[in-house]
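Data block below; observations after.
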Amino acid sequence: MSLRENKFIVAALVFTIVFAGLTFGNLPGPETALGSQTIDNVVYNFADYPSLNHEQIALFNYMRGLITTEEVNSFDNWNAGGFSGLLHYMFAFTDYVLSSYFETIPGYRTDYTRNTAHTLIKKMNTTVAEYGNDSVEYIEWESRGYPDYYWPNATDPTDLFVGGFRGPTNIMWTGHYALMQALHERCFNTDEYVDELTWFVDDWNNSLTTDGYGNATEGGIWGTGLIPCEPYIVFAQCNSIPIFTTELYDNIYDTQYMESGMWDYGLNFINTVMHEEYDLFIDGYYVQVPIGYTGSMGSGTVLTVPGPAVSRGFDDGRAAESSYCTAWTLTFLEYTQPERTIEDYPVFLEKYSVPVSGEQMYMSGSLNDYGSFGSPNDMLGTFFACALAKQRGDSVTVQRIQNFLTSPYNKVWSADGREMHYDTTSLSPFLQPVMAGFRIWATTPVTIPDLADARPIGFWDYPYISQADDEDIWVYQALWDDDNSAFILNIKVDQTATLTLSNFDHAPTAYSGGVPLSELVAAGSDYVLTLSPGIYNLVIL
Amino acid sequence: MSEGIADEHQGTNDLSVLEKFQVQSPEMILWTILYSLLGVGIYILIELIPMPYTMVSLFAFGFAPALAIIAIVGAIRGPIAGLLTGYLGTLLYDLLFYSTVVGMTLPYLAYGVLGFVVGLASYDMTNGRSLVKMSVLSAVGFVFTVLLVVVIGLTLGGVSTLVGIGFVMLPLLTIGLPSVFFLTPLFARLWYAVMLKFMPKALPQ
C-alpha cells in the first residue's frame, strides 16, 4: 500500500497543503520575552513588571497614525460616516485607552507618545470660531440646535444661561474634555492644561452645589446633584466621567472637592433613583421638558418630567436602560464606590450577557430587546463590558468577548510591520478604530481605577526615556524600579537606535543577562544608549 | 486490498446494533470508553493550538483539525465513541479553559452528532472509495452539527438571528466543512499507518 495507490488521499493532502497556505493568517502575535537576571545579588524578574505585547504596540501605532496624519479639524481617518455624532466619544475613549497604554510603560515618555495625546486633545477642542463646521463644537453641539439654553425655561433669555458648548449642560463633552486634560497632566506633567481643567472643576462645583447664581442649593441647579447633557437629561454614564475627573484632580493637586461633598447628592441620586428593577442604572433622567417635545416619545409613550427616560419601543412607560450605560458607569465609578461595582457586576453579566458558545459571548444592548445584536447599543455594551470585566479581574469574560469581537475580522499589518488593525469593513469601517482602541483597553494590565491615582511621590524625578528613535523600536517594558534603583527596559530594536535617558545622577550601565552590556554615553545632563537590532531585557543601573 | 478495521464488504447488515455501536460486551464498552477518552484528550490538545485562518466577509477559511478528531474517533470506534468524543471534548474544553458550560450542554451534544454520524458506517482505511465515504459522511455529520448548534443558540441561548447566522453558522460551516472533509481521511490514513507499524494486532480483522 502506498499513497500513490490512493488518489483521494493524495488529492486531499495536496488540497490541504495548498488551502492551508492560502488561508494562513490571523495567528496570535509573538509573546513578550520576559527574562530574569541577577545583578549584585538582586534578581530582576521581568515578569514582575507590567508589559505590553507586540500587537498592542502595533495597534497603538495604528491609532497614532489615525490621530497624527490628518489636520486636527479633519476627521476622515475615523471613517465615522453616519456616526459623526460619536466622534467626540471616540476621541475621548481613545485618550483613556492611550493613558492605560502609557501607564503600562511609564518610563517611556518621548514626543512620540506625548504628541499623540496632545493632538487628540486638540481635535476634541476644535471650535466653530476657529474651524467652522469642521469642528467638534459644530458636530457635537451646534448642528444639534443647542447653541443657547436657559434654566428653568429653556428658551427664555431672562432665565439662567446654562447653554453653550463649554457647559454647563454639555457634560457629555466637558466631562470628557476635562478628563483628557487631567490624564495628560497625570501622564506627562506639562502644566499646560491646569488652568482650564481647574475652571471646569470649579464650574461643575458651582452647578452642583448652588442655584447657578452662587446661592447654596441642595442638588444644585437641576436638583439632582448631576449635570445634564443633550441638554436636558442627566445620565449616570456621562456624569461618571466628571466624577472620575474630580477624583483624579483631587489626587493630582491635593484638593478636596470630593471630600467637600460636591458629588454626594448626585451619587446618591444615581444609586437610589436612577436604577431599574435589577438595581442597574437607567439610561437617562429628564430634568426638563425637551425643546420640541410634542407630548409623546414614540409608541404613545408619555414622558414625565422630571422623571426617568422611557424606553421608546414600548408604550407602558418602562425606563430606558442599556448595557453600555451600566457597564460604562460601573467602570468609571468603581474608584469612587467600589462596593457598588463589585455588587452590580455579576447582576449585569447575568442580565445582559448572551452566550454564543463557550468561547464567545456578547452583551445585549437592552433588557427590553434581549439577544438582539446589530444596533450601536449592542456593540457599545459589548465593548464596555469587556473593559469592565478586565477591571473586575474576570479574564474569562474578557477572553470570551474578545473572541466574539475580533475573530470575524482579519488582522491587517502595514507593509513595514509597524501597525496593525482589524479589518471591519465587512460590517462597518467605523468599527476599525473602535476595535483597535478597545482591544488595547481590554488587554493592557492597567485599569481605569489605576488611572485615578496620581503618580507616586518622586515619580517625576525618576529616570525615563525622554528621546528615542521611536520608529525603530518596540518598547514592551520601561519603568523605574524605585525599590532597587534600576531602570527596567524590555525592547526590540529593528534598526540601530539611540535612546536618551534623563534624570540619572550618574553614568548608568545597561546590563543584559546579568552582565554589563554597555555604559551609557553622557550628552549634557542626559545619557544615551545605542542598541543594535535585537531583543533586549535590560536593567540599567 | 488488505483488510481494514471492519471490512465494509462483510455487510453492515450482519452486525447487530450493539456491535455496530461497539458496546456488545463489557470489554468492548471499556474499549469504546477508552477510545473516547483518548479522543477527548487529543481533541483538547489540538484545540489549544491557535490555527491560522482568513476571513472573507463573514466566511472563515482555514482548518479546524480538532473537528476531524471527533470524526475520526467515530470512524475508528463507532458512533458511541464519536458521540462521546464530540460531546465531552467540547464540553471539557469549555469547562477547563473558559469555566463555562452553555445551553444545558446541548451545543456540545451537537458536536457529538458529527462523530455519531461518521461512526454509523464502516470503513476500509486502505480503500480510496471508503475514505471518500468517510469524508462525505463527515461533511454530512458536520452539517447536522452546525444546524443543531445554530438552532440551539437561537432558541435556548437567545442569540440574535444576525449572530446565529452571520457570526456562528457561516464561519463554522466554511471552516468546518473543509476540515472534516479533507483532514478526517488523512488522519484516518495516518492512524492506520501508525497502528500497522506499532500495534498491528490491535487492528480489527
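Residue-by-condition table, conditions (1) touching a Leu at 6+ places or on another chain (Cβ under 8 Å); (2) over 15 Å from A:Pro355 (Cα atoms); (3) more than 10 Å from chain A (Cβ to nearest Cβ); (4) of a type in the set (Asp, Glu):
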site: B:Leu156; (1), (2), (3), (4): yes, no, no, no
site: B:Leu172; (1), (2), (3), (4): no, yes, no, no
site: B:Ile175; (1), (2), (3), (4): no, yes, no, no
site: B:Phe187; (1), (2), (3), (4): no, yes, yes, no
A:Ser100 vs (1) farther than 30 Å from B:Leu48 by Cα; (2) polar (S, T, N, Q); (3) not in a loop (DSSP other than H, G, I, E, B): all pass except (1)
For A:Gln37, are the conditions met, namely being in contact (Cβ under 8 Å) with a residue 24 or more places away in the chain, in a strand (DSSP E or B), away from chain B (no Cβ under 14 Å) and of a type outside the set (Lys, Arg)?
-> yes
Take the stretch A:352-380 and flag every residue that is more than 13 Å from chain B (Cβ to nearest Cβ) and under 19 Å from B:Gly153 (Cβ atoms).
-> none
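Results for (1) crowded, with 17+ Cβ neighbours inside 10 Å; (2) more than 21 Å from A:Thr116 (Cα to Cα); (3) hydroxyl-bearing (Ser, Thr, Tyr), shown as yes or no for each residue.
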| position | (1), (2), (3) |
| --- | --- |
| A:Ser36 | no, yes, yes |
| A:Ile57 | yes, no, no |
| A:Thr69 | no, no, yes |
| A:Val72 | yes, no, no |
Residue list for the stretch A:128-167, restricted to those being over 21 Å from A:Gly292 (Cβ atoms), under 25 Å from the mean Cα position of the chain (by Cα) and not β-branched (Val, Ile, Thr) = A:Asp134, A:Ser135, A:Glu137, A:Arg166, A:Gly167
Checking A:Thr336 against (1) part of a helix (DSSP H, G or I); (2) more than 30 Å from A:His54 (Cα to Cα); (3) β-branched (Val, Ile, Thr), the condition it does not meet = (1)
Has the stretch A:95-114 got any residue that is more than 14 Å from chain B (Cβ to nearest Cβ), of a type in the set (Ser, Thr, Tyr) and touching a Pro at 6+ places or on another chain (Cβ under 7 Å)?
-> yes
Selection from the stretch B:98-127 of residues among the small types (Gly, Ala, Ser) and more than 12 Å from chain A (Cβ to nearest Cβ) yields B:Gly112, B:Gly115, B:Gly119, B:Ala121, B:Ser122
Kindly establish whether B:Val136 is in a helix (DSSP H, G or I) and over 16 Å from A:Phe8 (Cα atoms).
-> no
Pairs only if they're at least six apart or on different chains, beta carbon under 9 angstrom, first in the stretch B:54-68 and at pLDDT below 95, second in a helix (DSSP H, G or I); list them, first residue then second.
-> B:Ser57/B:Leu170; B:Leu58/B:Ile165; B:Leu58/B:Gly166; B:Leu58/B:Phe167; B:Leu58/B:Leu170; B:Leu58/B:Pro171; B:Leu58/B:Thr174
Please identify the pairs in which a residue from the stretch A:187-210 that is among the polar types (S, T, N, Q) has its Cβ atom under 6 Å from the Cβ atom of a residue that is assigned to a helix (DSSP H, G or I), counting only partners at least 6 apart or on another chain.
-> A:Asn189/A:Trp460
Say we look at the stretch A:381-417 and pick out the residues that are polar (S, T, N, Q) and in contact with a strand residue (DSSP E or B) (Cβ under 9 Å, 6 or more places away or on another chain); which of these is farthest from the other protein chains (Cβ to nearest Cβ)?
-> A:Ser414
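The values are calculated or read from the model by the stated rules, or taken from the named source; none is laboratory data. All figures in this text were calculated on a predicted structure; none of them were measured in a lab. Every residue, glycine as well, gets a Cβ built from its backbone with ideal geometry; the counts of neighbours run over all protein chains shown.
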